[in-house]
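Each remark here refers to the structure printed beneath this line.
Derivation of every value follows stated rules applied to the coordinates shown; laboratory data play no part. Just so we're clear, the structure is a prediction, and the values are computed from it rather than from any experiment. No Cβ is skipped: glycine too gets one built from the backbone with ideal geometry, and neighbour counts run over all protein chains shown.
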Amino acid sequence: MMHGISMEGRFKALLSTLFAMVLALGVFFPSAALAETTGVTAANQGTATGKLTVTGLTDGDKVDIYKIVNTTIQGDNTLKHEFAADYGISFDAYKVYASDSVEMKKAAETIGSSANLGAVAQPQKTATGTSVEFTGLSAGEYLVKVTPASGKVVYQWSIAKLEYTAETGGVSYKLNDGSIAVKNTPVTIDKKATGEDADTHNTSQYSVGQVIPYTAEVTIPQYPSNATNRKFKVTDTMTAGLTYMKAVGFSIMVGSTDVSGSFDITHNADGFVAEIKSDAAAAFFSTYNAGQKLTIKYGGKINSSAVVNTPDVNTITLEFANNPYDEHSNDTVTDHVDNSTFGLKLVKVDNDTASPKPLQGAEFTVYTDSACEHPMVDENGSVIKLTTNAQGIGTAKGFGEGTFYVKETKAPAGYTPSSDIKTVTFKATKTSNPGGGYTITIEHEGTGEYLNFYDAGSIVNVPQPGLPVTGGAGTVALTVVGVGLMAAAGVIVARSRKNEA
């Protein structure tokens with residue numbers, strides 16, 4: 001039995017305890033505070049609200065919702081649905097469309113572009129994570145518009161519903177929360193070279209004069225039939241070390257269908273531009289669904305400007321509309337393939353083993369076969385040769401991975417060409433770096449300015465056999481013998497003529 005506390009005090013204590021219990025329930029069972037509205041009738045429907053959750057987003061995406069269908073409870077306890085404005089389509093036709101049907105998608109596109117769409121139902125929300133929530137919404141249907149944060153996707157218009165369901169007894173309704181998983185098309189471009197390294201996106205098996213076959217796959221975005229912006233342009237500009245090769249074949253396909261006729265295509269000296277034709281865009285994006293791939297094939301020939309120490313980075317760019325109703329809302333995605341070529345270095349010296357002398361003017365030819373019958377040629381068809389400088393050093397560049405054969409085809413004046421044939425094998429190792437990028441090394445690699453050059457070492461020349469040094473004793477003896485022989489020959493000729501006379 002409690003003593004010293006009045007009845008009023010006990011009542012207040014009980015209320016405090018009950019209030020604390022309510023708070024505790026709110027903490028441990030928060031869903032109870034967010035329960036869907038029940039017991040809704042025609043009389044109190046003005047206070048009935050629900051929640052709409054939009055999922056399938058990326059962090060930073062911005063979401064707007066528009067009330068397009070009003071749902072009200074009538075005096076006879078039936079439900080009435082009607083458009084919030086005139087959107088130019090029949091509600092009787094609209095109300096029977098399945099939620100994921102093509103007809104519903106087109107209806108959403110039509111409503112979204114209507115001048116009567118009106119203001120947003122609530123202020124715009126920005127996604128934190130993959131979803132946003134709108135609360136305090138009345139019954140009906142809402143058009144959902146998503147503006148991507150990255151610009152690398154194109155979202156489709158979506159329609160979400162907050163619907164009534166009849167409660168037991170049929171005298172009231174429950175307003176259900178709604179949710180919608182929005183759909184988008186990630187817009188990507190993927191450029192590949194035949195034989196490239198998958199980890200580094202690098203190709204190194206092609207030599208100067210050879211053509212690299214390229215394939216670019218582009219994701220086709222989904223643009224509505226009434227879009228006012230369908231920007232879709234692909235550009236590839238070759239680097240200095242590559243020559244654009246339209247002649248090897250250029251094609252634009254979707255699957256096995258040639259769609260090049262839908263594009264304005266410009267071939268330049270250093271690349272191409274392919275842009276969807278304005279009068280063909282609607283039919284193209286209606287025919288080919290979101291997510292299908294556009295495939296472009298073309299080539300680039302390695303030329304003598306190819307860089308040895310740094311890979312040539314060849315980039316392709318897609319410019320596209322990321323908001324189909326705003327002609328100024330475009331974005332770009334890119335991809336690239338790197339091409340690496342290597343150099344060859346050798347040194348020409350004489351046969352003085354104590355102090356080899358560098359020889360200038362030696363000429364070497366590079367062959368692709370061990371019999372040295374097929375010389376390597378550059379992009380213009382000229383034979384690739386190495387000619388040594390005053391330091392005896394000869395270099396050439398533009399080699400891809402593989403085996404080549406180097407033969408001296410012209411010796412310096414006074415020397416005999418070497419009969420040795422140097423076998424040179426370029427083998428590259430590509431290592432991804434922890435901080436990004438990658439490193440390429442080759443076997444027998446030089447240092448300093450000859451990094452990424454195969455160091456073939458020294459090739460020795462032997463002097464040609466010749467007369468002894470002028471003024472020596474041997475020279476005098478030979479001269480005397482020569483004069484004597486010439487005199488004897490003269491006597492013999494004279495006697496022969498006398499006898500004939």
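Sorting 454-462, 412-420, 151-159, 221-229 by average packing, meaning the other beta carbons within 10 Å per residue, from highest down gives 151-159, 221-229, 454-462, 412-420.
Summing -39500 (n - 2.57) over the DSSP H runs of n ≥ 4 in the chain and dividing by its residue number, what mean residue ellipticity at 222 nm do you reach, to the nearest 500 deg cm²/dmol? My calculation for the chain gives -4500 deg cm²/dmol from helical runs alone. Compactness of the stretch 187-339, taken as the C-alpha radius of gyration over 2.2 N^0.38 Å, stands at 1.08. Derived scalar couplings between HN and Hα for the stretch 274-288 equal 10, 10, 4, 6, 4, 7, 10, 4, 4, 5, 4, 6, 7, 6, 9 Hz in order, rounded to whole Hz, by the Karplus curve 6.51 cos²θ - 1.76 cosθ + 1.60 (θ = phi - 60°), x for Gly and Pro. Each peptide in 317-324, 331-338 was scored by the mean count of other Cβ atoms within 10 Å over its residues; highest first, the order is 317-324, 331-338. Backbone amide hydrogens, once placed in the peptide plane, bring Tyr214 within less than 5 Å of Tyr298, Gly299, Gly300, excluding anything fewer than 5 places away on its chain. The mean of 1/r over all pairs of different alpha-carbon atoms in the stretch 342-463, once inverted, gives a Kirkwood hydrodynamic radius of 15.3 Å. Beta bridges from DSSP with both residues in the chain: antiparallel share about 90 percent, rounded to the nearest 5.
Summing charges over neighbours of Thr71, with a neighbour being any other residue whose Cβ is under 12 Å away from its Cβ, gives +1 when K and R count +1 and D and E count -1. Cα-based values for the stretch 57-204, radius of gyration first and Dmax second, are 20.3, 79 Å. Listing Thr315, Thr341 from fewest to most neighbouring C-beta atoms within 10 Å gives Thr315, Thr341.
Annotation: amide H of Gly392 within the under-5 Å range of Leu359, sequence separation 5 or more or interchain, hydrogens built in the peptide plane. Which of rounded, prolate or oblate describes the stretch 161-203 when judged by the alpha-carbon gyration tensor and an a/c cut-off of 1.5? Prolate, since a/c reaches 1.5 and a/b exceeds b/c. Close amide H pairs (under 5 Å, H built 1.01 Å from N) link Val259 with Ile252, Met253, Val254, residues at least 5 positions away or on another chain. Within the chain, the whole DSSP H helices whose Cα atoms reach 27 Å or more along their own axis and whose mean Kyte-Doolittle score is at least 1.0 are 7-28.
Past the 42 angstrom mark, what percentage of all C-alpha to C-alpha distances in the chain do you count? Every Cα pair in the chain considered, those over 42 Å come to 53 percent.
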